[in-house]
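Worksheet: the structure to be examined is printed underneath.
Any read-out appearing in this document is the output of simple, stated calculations on the displayed coordinates, not a laboratory observation. What you are looking at is a predicted structure, and each value in this text was computed from that prediction instead of being measured. Quick reminder, even Gly has a Cβ in these numbers, built from the backbone with ideal geometry, and neighbours come from all protein chains shown.
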Amino acid sequence: MARPPLVPAGPELTAGERTRYARHLLLPELGAVGQRRLRNARVLVVGAGGLGSPALLYLAAAGVGTLGVVDDDAVDVTNLQRQVVHGVADVGRPKVDSAAEAVRALSPETEVVRHPERLDDVGAMEVLADYDLVLDGADNFPTRYLVGDACARLGIPHVWGSVYRFDGQASVWWAGEGPCYACVFPTQPPAEAVPSCSVGGVLGAVCASIGSVMATEAVKLVTGTGEPLVGRLLVHDALRQTWDTVPVRADPGCRVCGSGADAMRPLGWASEVESACAPGEATEGGRPTVTVTELAVLLRERDAGAASFVLLDVREPGELEVAAIPGAAHLPVGRVRAGDVVPGAAGRVYVVCKVGGRSAEAVDLLRGRGVDAVDVAGGVLAWAREVDPGIPTY
Ligand SMILES: [Zn+2]
């Protein structure tokens, strides 16, 4: 269903602008008036990462007048495979800085507002209230729920995208016009059920596909062009190269935009849900652990024939390609869950993963089966930090 433009048209275009945006002016649906709306628009992009990068570039190139960028992170070398607003020289810099520079290089007239912070329930409303719509390229559930809730309260569209491996999804959540994010995803899945891209990987170009869809939806909403993805979930499978849309409906009992909403609810309620199941929390509570430095000593003893045990890495095969502790056996946590036997284990088994969430689960499972399993605290990342800085991190 078509909707009226979100943003009123600003002053007439200059001769220079008419030349620069000629290919937009040629589109009857957009035209000079649409271009004036874009110049008048204030768009917030949450996350200058895989989705935010292409979205920012296309929104800048499209002549959006004000672009806000929210990100509290610094550029890491592993980001460069897909986060195309950052370059090699930006590694270590705040992402909002390199993103702002990329936008200015393309569109010096665009005002860039940097928000070098992680949105929280105190500041989110204040930040979002300044914008006509929000593009949400966050890589974590608390931020998605927070942005969804804030957009619903403000009545502005929440252009959302998500990628994992070769799959992508996108939609426009808009309370009052269609479903909000919480209507369709009412509860946050348990952490272990949803591996992140830093564990499962993602094809960089899939981020461009979904980020570009998000930029397209933003331009359509600002200018009132076409039919936005309100009430439809776009599902993309890059391996089969298919694009499908699934109808989605507002939930009358939704706890964000429906009758289930508590007006006094804190904006950050989803964050509280998440922290209860975050990896690392589970490493407490009676589970035996060793530190990575203790493990290094044990491995030296084993190499010298003075100790006998199995070091078991429960990460996915692709993660071992990036970095691994030498001498580890391998059994992904899914196979531990399925009851597979640890290869070569007769005595003690030290269990390691990336940061400690999956190894803690595996230790509990194995101990439940009578195996003398011990958790390696902090995982391969702690090993890289404290024992062998030469191995890559991810
Ligand atoms: Zn809702």
(message) For a test of the definition: using alpha carbon positions, the gyration tensor, and the 1.5 limit on a/c, classify segment 159-256 as rounded, prolate or oblate.
(response) oblate
(request) Looking at the chain, send over the antiparallel percent of its DSSP beta bridges, to the nearest 5. (result) 35 percent
(request) Show the residues, 5+ positions off or on another chain, whose built amide H is closer than 5 Å to the amide H of residue 233. (result) 246, 248
(request) Please give the calculated 222 nm ellipticity per residue for the chain, where each DSSP H segment of at least 4 residues contributes -39500 (n - 2.57) and the sum is spread over every residue; nearest 500 deg cm²/dmol? (result) -10000 deg cm²/dmol
(request) Report the charge-dipole magnitude of segment 131-221 in Debye, nearest 20, computed about the Cα centre from +1 at each Lys and Arg Cβ and -1 at each Asp and Glu Cβ. (result) 40 debye
(message) Taking the Cα centre as origin and putting +1 on Lys and Arg beta-carbons and -1 on Asp and Glu beta-carbons, what dipole magnitude results for the chain, to the nearest 20 debye?
(response) 840 debye
(request) For the chain, build the charge dipole from Cβ charges (+1 Lys, Arg; -1 Asp, Glu) around the Cα centre, then report which of 311, 236, 343 sits farthest towards its positive end. (result) 236
(request) Relative to the longest principal axis of the C-alpha atoms of the chain, give the angle of the C-alpha long axis of helix 95-106, reported between 0 and 90° and rounded to the nearest 10°. (result) 40 degrees
(message) Under the rule a/c < 1.5 gives rounded, and otherwise a/b versus b/c splits prolate from oblate, where does segment 110-159 land using the Cα gyration tensor?
(response) rounded
(request) May I have the extent of the alpha carbons of segment 59-205 along their three principal axes, as whole Å values ordered from largest to smallest? (result) 41, 35, 28
(request) Enumerate the calculated ³J(HN,Hα) couplings along segment 55-61 in order (Karplus 6.51 cos²θ - 1.76 cosθ + 1.60, θ = phi - 60°), each rounded to whole Hz, writing x wherever the residue is Gly or Pro. (result) 4, 4, 5, 6, 6, 5, 4
(message) 5 Å is the cut-off here: which amide hydrogens, built 1.01 Å from N in the peptide plane, fall below it relative to residue 373, excluding neighbours closer than 5 in sequence?
(response) 349, 367
(request) Rounded, prolate or oblate: pick one for segment 60-136, where a ≥ b ≥ c are the square roots of the eigenvalues of its C-alpha gyration tensor, a/c under 1.5 means rounded, and failing that, prolate if a/b is larger than b/c, else oblate. (result) oblate
(message) Given the options 56, 34, 175, identify the residue whose Cα lies farthest towards the positive end of the charge dipole of the chain (+1 on Cβ of Lys, Arg; -1 on Cβ of Asp, Glu).
(response) 34
(request) Run the numbers on the chain and let me know its relative contact order in percent, using alpha-carbon pairs under 8 Å that are six or more apart. (result) 14 percent
(request) Sum up the charges of everything whose Cβ sits under 14 Å from the Cβ of residue 391, counting Lys and Arg as +1 and Asp and Glu as -1, but leave residue 391 out. (result) -2
(message) Please list, in order along segment 149-166, the HN-Hα scalar couplings obtained from phi with the Karplus expression 6.51 cos²θ - 1.76 cosθ + 1.60 (θ = phi - 60°), rounded to whole Hz, x for Gly and Pro.
(response) 5, 5, 5, 4, 5, 7, x, 9, x, 10, 7, 10, x, 8, 9, 7, 6, 10
(message) About the Cα centre, and with charges only on the beta carbon of Lys, Arg (+1) and Asp, Glu (-1), how big is the dipole of segment 1-135? Nearest 20 debye, please.
(response) 680 debye
(request) Could you work out the relative contact order of segment 305-394, using alpha carbon pairs under 8 angstrom and six or more residues apart, expressed as a whole percent? (result) 30 percent
(message) I'd like to know which of 5, 288, 161 lies farthest towards the positive end of the charge dipole of the chain, counting +1 on Cβ of Lys and Arg and -1 on Cβ of Asp and Glu.
(response) 5
(message) Taking 4 °C and 1.567 mPa s as the conditions, I'd like the Stokes-Einstein D for the chain in µm²/s, using the Kirkwood hydrodynamic radius from alpha carbon pairs.
(response) 56 µm²/s
